[in-house]
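**Student:** After the structure tokens below, expect a handful of questions from me.
The values are calculated or read from the model by the stated rules, or taken from the named source; none is laboratory data. For clarity, every value in this text was computed on a predicted model and none was experimentally measured. Here the Cβ positions follow ideal geometry from the backbone for every residue, glycine too, while neighbour counts run over all protein chains shown.
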Amino acid sequence: MKIDLHSHTHYSDGHLSPQELVMRAHQMQLDVLAITDHDTTQALADARAYQDTQKRALTIISGVEITTRWHGFDIHILGLNLDEHQPALINHLAMQSQTRIDRAQQMCAKLAKCGIEGVFDEAMVTVGQGQITRAHIAQVLVNRGVVSTFQGAFTKYLGKDKRAYVSAHWIDIATAIQWVHSAGGVAAIAHPASYDMKIKWLRRLIGEFVLHGGDGMEVTHPNMQATKKALLAELAIEYNLKAVVGSDFHFPSRWTELGKRLAISPELTPIWHNWDVLSQFNKEDV
Ligand code: AMP
Ligand code: MN
Ligand code: MN
Ligand code: MN
């Protein structure tokens with residue numbers, strides 16, 4: 001069974017539409033795909049409607065990547081296999097959406113102070129009905145030639161504590177876990193190796209996440225070094241967290257692809273092993 005539990009569409013900072021993402025999942029021979037846009041589940045309806053017209057099977061898992069704040073870090077929590085129609089969840093994500101807009105406006109006000117005017121309105125054109133992210137702002141800076149690379153926009157302006165950075169009032173980790181659980185899903189720490197924190201802090205993060213009832217953590221990524229992968233597997237086992245595998249796919253590139261290089265150690269318990277939605281698959285496969 002080929003599975004990928006972390007992907008984005010143009011409803012947040014992914015480049016593909018939900019239909020295009022599903023088409024790509026077919027091309028890559030995926031059996032299971034979770035769509036996990038930043039603080040929105042809007043892509044799921046389009047993705048399912050398109051999948052219903054297709055011959056090739058694909059199980060689409062409802063997901064979301066929730067932004068939280070923890071000791072000055074933006075920590076992303078994946079909510080997986082949840083009910084995206086739950087009214088409370090819809091309300092909570094609408095609140096996150098407002099936080100995103102407020103933060104983007106504040107960041108763009110900081111950019112204006114650096115002489116870079118009108119970025120918010122320009123970014124909103126590409127956001128459409130989705131969620132604004134720093135990636136949208138970065139793209140405007142690249143398009144205008146303010147920076148020469150996308151990465152450069154983060155290094156100079158948008159990254160943590162850079163010139164246009166704003167630390168938003170995101171919810172805390174416990175709240176995100178509670179939202180996911182009350183919508184019937186499981187909660188997992190996204191890309192634990194990418195937070196630029198020392199191992200002592202990572203352990204503290206995982207410890208608190210477990211204390212608040214968190215279920216799993218991502219243990220691999222298409223480009224992850226073997227040593228990092230081994231460390232994450234060790235931590236998942238030590239803290240009794242289930243394993244999540246995902247490419248964090250935003251667009252096709254040399255480095256990331258749906259469902260590629262996501263194999264995990266057999267010592268780990270996959271978070272999806274008891275999901276009813278996958279009951280048609282052979283138990284050994286799952
Ligand atoms: P946001 O959720 O609005 O804070 O935006 C975060 C998104 O921006 C991430 O999901 C990445 O897709 C992208 N991003 C964040 N930091 C970087 C970086 N240093 N380089 C490239 N993309 C980044
Ligand atoms: Mn992103
Ligand atoms: Mn993320
Ligand atoms: Mn992501």
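**Student:** Of 37, 4, 74, which residue is buried (at least 23 other Cβ atoms within 10 Å of the Cβ), within 14 Å of ligand 1 (Cβ to nearest atom) and within 19 Å of the chain's Cα centre (by Cα)?
**Tutor:** Among 37, 4, 74, only 37 is buried (at least 23 other Cβ atoms within 10 Å of the Cβ), within 14 Å of ligand 1 (Cβ to nearest atom) and within 19 Å of the chain's Cα centre (by Cα).
**Student:** Being closer than 30 Å to residue 167 by Cβ, of a type in the set (A, V, I, L, M, F, W, C), within 11 Å of the chain's Cα centre (by Cα) and more than 15 Å from ligand 2 (Cβ to nearest atom) narrows it down to one residue among 93, 80, 89; which is it?
**Tutor:** Answer to the check: 80.
This table checks each residue for (1) over 21 Å from residue 221 (Cα atoms); (2) within 14 Å of ligand 3 (Cβ to nearest atom); (3) not polar (S, T, N, Q).
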position: 29; (1), (2), (3): no, no, no
position: 36; (1), (2), (3): no, yes, no
position: 43; (1), (2), (3): yes, no, yes
position: 69; (1), (2), (3): yes, yes, yes
position: 73; (1), (2), (3): no, yes, yes
position: 93; (1), (2), (3): yes, no, yes
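**Student:** Residue 58 fails exactly one of the following numbered conditions: (1) in contact with a His (Cβ under 7 Å, 6 or more places away or on another chain); (2) within 14 Å of ligand 3 (Cβ to nearest atom). What is the number of that condition?
**Tutor:** (2)
**Student:** Looking only at the stretch 223-277, how many residues end up being more than 16 Å from ligand 3 (Cβ to nearest atom), of a type in the set (Val, Ile, Thr) and either in contact (Cβ under 8 Å) with a residue 24 or more places away in the chain or not assigned by TED's automatic domain parsing to the domain that holds residue 184 (or both)?
**Tutor:** 5
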